[in-house]
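S.K.: Below you'll find the structure I mean.
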Number of protein chains: 2
Amino acid sequence: MNTLGVFTLRACAGLLGCRTGTCVRSLRSCHGITVAQIDEEVAKLLELKAQLGGDDGKHQFVLKTAKGTRDYNPKQMAIRERVFNTIVSSFKRHGAETIDTPVFELKETLTGKYGEDSKLIYDLKDQGGELLSLRYDLTVPFARYLAMNKITNIKRYHIAKVYRRDNPAMTRGRYREFYQCDFDIAGQYDPMIPDAECLKIVHEILSELDLGEFRIKVNDRRILDGMFAVCGVPDDKFRTICSTVDKLDKMSWEDVKNEMVKEKGLSEEAADQIGEYVSMQGGMDLAERLLQDQKMSQSKQACAGLTDMKLLFSYLQLFQVTDKVVFDLSLARGLDYYTGIIYEAVLTQAGVVPAPVSSEAQNGAAEESVSVGSVAGGGRYDGLVGMFDPKGRKVPCVGVSIGIERVFSIMEQKAEASAEKVRTTEVQVMVASAQKNLLEERLKLTSELWNGGIKAEVMYKKNPKLLSQLQHCEDSGIPLVAILGEQELKDGVVKLRTVATREEVDVSRADLIEEIRKRTSEV
Amino acid sequence: MNTLGVFTLRACAGLLGCRTGTCVRSLRSCHGITVAQIDEEVAKLLELKAQLGGDDGKHQFVLKTAKGTRDYNPKQMAIRERVFNTIVSSFKRHGAETIDTPVFELKETLTGKYGEDSKLIYDLKDQGGELLSLRYDLTVPFARYLAMNKITNIKRYHIAKVYRRDNPAMTRGRYREFYQCDFDIAGQYDPMIPDAECLKIVHEILSELDLGEFRIKVNDRRILDGMFAVCGVPDDKFRTICSTVDKLDKMSWEDVKNEMVKEKGLSEEAADQIGEYVSMQGGMDLAERLLQDQKMSQSKQACAGLTDMKLLFSYLQLFQVTDKVVFDLSLARGLDYYTGIIYEAVLTQAGVVPAPVSSEAQNGAAEESVSVGSVAGGGRYDGLVGMFDPKGRKVPCVGVSIGIERVFSIMEQKAEASAEKVRTTEVQVMVASAQKNLLEERLKLTSELWNGGIKAEVMYKKNPKLLSQLQHCEDSGIPLVAILGEQELKDGVVKLRTVATREEVDVSRADLIEEIRKRTSEV
């Protein structure tokens, strides 16, 4: 239909002798044309179209991926693979197993787990059968898995895509389809030991990824709730005040206070008291001081949280990670299911955080719910598994999620900025020939190399030019070329060329595999 | 509602004094009970329920994964990882890059690509915005990717999940969510070279996975179409007759003929001629013979296909894989988009193919559309990318898809059957203590090991029993235990215990990482 529309406009314009870019405007004012004339033109055009093969729908494709999603090209995949290897190595070093769950769950499994964010869940169309939704995170499917299989003890990681119908801000690394890398420890253990290990893992991964300076903020839901209570926040306002506090990393205290008092109806006095607490940052010393604090010490909950915070810091000292960890009373984190310690890692070095570029990203900025620079987060959620257990049996859990998309964005930027060339294949050698009619010999040698475990390529042409074979090596970073010619075949050798130095040496066919292996193991 | 239903039945049974497992049957015949009595019982039950805390939804969870999907537990994941490693190694040996595409595509991207099977596509609910569908395979997204990025040359693999609202037969390894492992070569090349490499890859992977004997059947769409033409099948019946021929691996010739003649209205004569051809199997010799065949040689298409088949076999000889490859005229393969060579690998050894067990699987068996034992398939599709290109520019492609779910099923069965224990973690050493109050020392040592790159675990208990620490090593196959005690701390050593032999030796703290590395590199 679009095609037809365009034809008609052009035809009409042609009729009027209009040949410029303002055809459409001209058309709008073409009162002189009669309906009969239009009909006639249309008939002509339709005839022309029929001759051209008709409207087969082919040209109406919108060639794009769904909004908020993207393809990964080979270069991006190479970077992604490297990042995943670093992260998985750390998870495995800490003894984690891995599981996988389906990309969709029964809709009811996700219901009531995400509070307001539930509106962002992708539902599948009801095509008969069960009502299904795409997973929103990996934590709820993990809890469902534990309850369903009656597992009370597991240390697992899970790397998979999750889905949120959010306002995408893709230049900041925020998508509707994105990876999560989760590590969780489930089980009834002595306090703060698994919690400390999670922080150790964040520290390890961020150090190894070499993303620049970072800080890990730590707080505890019980400390927050206790603080709200002693500051005089009514019980039913804990959650909403908490979500306002969560905005402190991107709003000034004045704006946060305004929202508490004017929008959420908190007394100014209570807000000011909160303001005093949430400006506090420190380490074990701060936890000790607050345990002595006259107001704070009135809350049992806060005291429990503060005592655990002290214990946590003592373990973090043993793990030698206290240099990066800060007890920060302004850290709130949105999700409802946290019950104890919460944490979030942020990059603090200027310049490494992708800035918004497109107008789409700018429009989305107001709804940004993760803090800028946040690359990992998590906490303790002791009640979630119990929500799935028919008898409500609890399985205490603590875990961490690495914000991998942001890491990808940063790594991509770094790769762009550096001169380093990202290889997208691991090919060690290209089997080539300078002379014609050697396709069969090339295929035979390539097959020998494959069978010997060598990563080898050969051009799919009968008689490729040597130059184009060498060019392909340059382009894709293949370090060696095995060149065959009549003479080499007669002598039972192969000319092995080092692409970088252009140096060539004859290697006996029997030694070729060993020689290639030796030369490429140094690379 | 279910809960209530059960209550009511039990109540009614109680009312009748029924206490056995035949309650329901009793209920059906309980004519003696009046409606008033039932109402009264129901009221009582509802009151009871209210006392119990009401219907909070918690107990109505159906704890399951969506129909046709499954979780992978750590043991299954360990097997899956091993299989993927084998396959990816082969793909990389052949110089493939990898890409990734989103799990859903615009609905129109999938439209018109899968013929009858389009009804199996999962659509997402229209929640405002674009209409989306879950990907049905990796080939169409690949073609969309090529057209969208104007790529005319690539050799890529893609391993990801695809979605089909099919009748699941899970015990046979057939699911609604399942992995595909695709390798494709796109580009304008000399005939049959990339095609031969695809078959070489199938041969390599199936050999390395060690699944038992296998055979790779090869045919060509042009040979099939030429055959239909010379046998007198009307043009508009090619596709439907082709899909009947495709059933020859699970139906007798008589039944296939019956379907052609009685259901699809083909003449008996034409059917018999087809019957003669489709019983033919061979190698290069068969292609040569058919090129001389009086009828077959009348079709230009068939001749083109047969000439290429000869060329293919000459390359397969160079690749030394002709022992497993059979030119089989009965191979048809369903998908519309194939334009040249097609192939399918089947396991031929008895006993390795998972048999249906559950009644669900038995019900589904009649609709089984992949042939039993099929573990890989593919072919040439030169027109698909052009369907996405606004100017219809073609990018010739050939590829292969490994039927990985069936491979998983077989590997799992093999693991079950063998005594071999599948490890789900790679932990090298457990840091333990026999005495109390050494948690901090254990954590400190564990952290040292992590920092040294050793995969280490420690129990999250203040004072775990030595026996339970050792038991954990037995259970999860951890080969070494590093035992700390007062004496060891004084001496600056660690007692390193080999779990299998129970042999213990003191190792100086400074040498520990090296010693662990040495001992576990042999494992």
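The values are calculated or read from the model by the stated rules, or taken from the named source; none is laboratory data. Not measured: the values here are computed from a predicted model. Cβ atoms come from the backbone with ideal geometry, glycine included; neighbour counts cover every protein chain shown. For accessibility, only protein heavy atoms count, side chains too; no ligands or nucleic acids. Shrake-Rupley method; radii C 1.70, N 1.55, O 1.52, S 1.80 Å.
S.K.: All other residues with a Cβ under 9 Å from the Cβ of B:GLU504 taken together, and with Lys, Arg as +1 and Asp, Glu as -1, what is their net charge?
M.R.: Net charge in that neighbourhood comes out at +1.
S.K.: Could you give me the ³J(HN,Hα) list for segment B:243-248, computed from phi with Karplus coefficients 6.51, -1.76, 1.60 and θ = phi - 60°, whole Hz, x at Gly and Pro?
M.R.: 6, 6, 4, 4, 8, 4
S.K.: Could you compute the FRET efficiency for B:LYS518 and A:ASN437, with r as their C-beta to C-beta distance and R0 at 51 Å, rounded to 0.05?
M.R.: 0.45
S.K.: Show the residues, 5+ positions off or on another chain, whose built amide H is closer than 5 Å to the amide H of B:VAL493.
M.R.: For B:VAL493, whose amide H was placed from the backbone, the distant partners under 5 Å are B:ARG509.
S.K.: Let me know the mean shielding of B:379-385 by other chains, meaning the per-residue number of their Cβ atoms within 10 Å of its Cβ.
M.R.: 0
S.K.: Counting partner chain Cβ atoms within 10 Å of every residue's Cβ in A:127-138, what's the average?
M.R.: For peptide A:127-138, the averaged partner shielding equals 3.
S.K.: In square angstrom, rounded to the nearest 10, how much accessible surface does A:ASP123 have for a 1.4 Å probe?
M.R.: 10
S.K.: In nm, one decimal, shortest first: how far is the label point of B:ASN463 (7 Å from Cα along Cα to beta carbon) from the matching points in the other copies?
M.R.: Label point to label point, same position, other copies: 8.7 nm.
S.K.: Let me ask something else. Applying the Karplus parametrisation 6.51 cos²θ - 1.76 cosθ + 1.60 with θ = phi - 60° to the phi angles of segment A:473-484, what ³J(HN,Hα) value in whole Hz is obtained for each residue in order, glycine and proline being reported as x?
M.R.: 5, 4, 4, 10, x, 6, x, 10, 10, 9, 9, 10
S.K.: Taking the Cα-to-Cβ direction at B:LYS237 and at A:SER89 and moving 7 Å from each Cα, how far apart do the two end points lie in nm?
M.R.: Going by the 7 Å Cα→Cβ label model, 6.4 nm.
S.K.: 5 Å is the cut-off here: which amide hydrogens, built 1.01 Å from N in the peptide plane, fall below it relative to A:MET280, excluding neighbours closer than 5 in sequence?
M.R.: The list, which skips near neighbours in sequence, is A:LEU329.
S.K.: At a threshold of 8 angstrom on Cα-Cα distance, excluding pairs fewer than six apart, so keeping six or more, what relative contact order does segment A:210-304 reach in percent?
M.R.: It rounds to 42 percent for segment A:210-304.
S.K.: In addition: Rg and Dmax of segment B:364-523 over Cα atoms: what are they, in angstrom?
M.R.: In Å, with Rg to one decimal and Dmax whole: 26.0, 80.
S.K.: Once each part is reduced to its C-alpha centroid, what is the distance from segment A:79-122 to segment B:382-448 in angstrom?
M.R.: 15
S.K.: Sticking with this one: So in segment B:389-513, what percent of DSSP beta bridges are antiparallel if you round to the nearest 5?
M.R.: In segment B:389-513, DSSP labels about 55 percent of beta bridges as antiparallel.
S.K.: Karplus couplings for segment A:82-89 from phi (6.51 cos²θ - 1.76 cosθ + 1.60, θ = phi - 60°), rounded to Hz, Gly and Pro as x?
M.R.: 5, 5, 4, 4, 4, 5, 5, 4
S.K.: From the residues A:GLN317, A:LEU347, A:PHE327, which one has its Cα farthest along the dipole of segment A:270-354 in the positive direction, the dipole being from +1 and -1 charges on Cβ of Lys/Arg and Asp/Glu about the Cα centre?
M.R.: Of the candidates, A:GLN317 comes out farthest on the positive side.
S.K.: Calculate the dipole size of segment B:201-349 relative to its Cα centre from +1 charges on Lys and Arg beta carbons and -1 charges on Asp and Glu beta carbons; express the result in debye to the nearest 20.
M.R.: 300
S.K.: Across peptide A:109-121, how many C-beta atoms of other chains are within 10 Å of each residue C-beta, on average?
M.R.: The shielding value for this peptide is 1.
S.K.: Then there is this: Taking the Cα centre of segment A:416-461 as origin, sum charge times position over the Cβ atoms of Lys and Arg (+1) and Asp and Glu (-1), and report the length of that vector in debye to the nearest 20.
M.R.: Approximately 160 debye in magnitude.
S.K.: Cα centroids of segment A:451-523 and segment A:174-246: how far apart, whole angstrom?
M.R.: Value for the Cα centre distance between the two parts: 53 Å.
S.K.: Would you mind checking which residues have amide H under 5 Å from B:ALA160's amide H? H placed 1.01 Å from N; only 5 or more apart, or other chain.
M.R.: B:GLN180, B:ASP182
S.K.: In whole percent, what relative contact order does segment A:108-186 give with Cα contacts below 8 Å and a gap of six or more residues?
M.R.: Normalised by residue count, the contact order of segment A:108-186 is 28 percent.
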